[in-house]
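What follows draws every value from the coordinates through simple rules; no lab data is involved. The model shown is predicted, which means the values in this text are computed figures rather than measured ones. Because the Cβ atoms are built from the backbone with ideal geometry, glycine has one as well, and the counts that use them run over all protein chains shown.
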């Protein structure tokens, strides 16, 4: 398993070895021991989530606050997304910066998003299945979000404005000027 640091502290790109033959493929999507050896982080995932979406769906930017903050390991089972992690840790050197990556069923890449980050993704292909593990349980009272088109972040979601399909809740998210303490 190849694990590379991003420029955001604690955020990693994971590329598992894929074993393919005429029957199909096999890969280990997560190994706690290897992850800890390569990152120094001891993560205990407690919840797995899966979402199905078509091209243009944009989910995010979401986060959990305080004791309910979540680290996530995200991947695409089928299709393709642009995945985005935004550092919202006020004491971080990269506070307000974001990292983006294409995750797809073809490249099998995954992104580890630590606690203290907002996360979102834009679906770039129809019939996409997105999967993620969380190290803490979801709590609706602790959720927060940043509007996807926040001008201070300037994220290129790789979709035209008229293609973007948001939930009612995501349309009401605020800009990054929120107090995250």
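Using packing as a proxy for protection, rank 58-70, 164-176, 141-153, 14-26 so that the peptide with the highest average count of other Cβ atoms within 10 Å comes first.
Working: 58-70: 19.5, 164-176: 13.6, 141-153: 15.8, 14-26: 10.8.
Top to bottom by mean Cβ count within 10 Å: 58-70, 141-153, 164-176, 14-26.
With each run of n ≥ 4 DSSP H residues scored as -39500 (n - 2.57), what mean residue ellipticity at 222 nm is computed for the chain after dividing by its residue count and rounding to the nearest 500 deg cm²/dmol?
Details: 2 runs with 12 residues, N = 181.
Only helices count here, giving -1500 deg cm²/dmol.
Roughly speaking, what is the centre-to-centre gap between the stretch 90-130 and the stretch 136-152 when only Cα atoms are used, to the nearest Å?
Using only Cα atoms, the two centres lie 14 Å from each other.
Output the peptides 36-43, 78-85 sorted from most to least packed, where packing is the average of other Cβ atoms within 10 Å over each peptide's residues.
78-85, 36-43
Quick one: compute a quarter of the convex hull surface over the Cα atoms of the chain and quote it in nm².
10.6
Gain in length, residue 34 to residue 93, computed as 0.36 nm per residue apart minus the alpha-carbon separation, to one decimal in nm?
Working: separation 59, 0.36 × 59 = 21.24 nm, distance 2.70 nm.
Value of the extension gain: 18.5 nm.
Hey, could you get me the Stokes-Einstein D for the stretch 1-70, Kirkwood radius over alpha-carbon pairs, 10 °C and 1.306 mPa s, rounded to whole µm² s⁻¹?
Working: Rh = 15.3 Å.
Roughly 104 µm²/s, to the nearest whole number.
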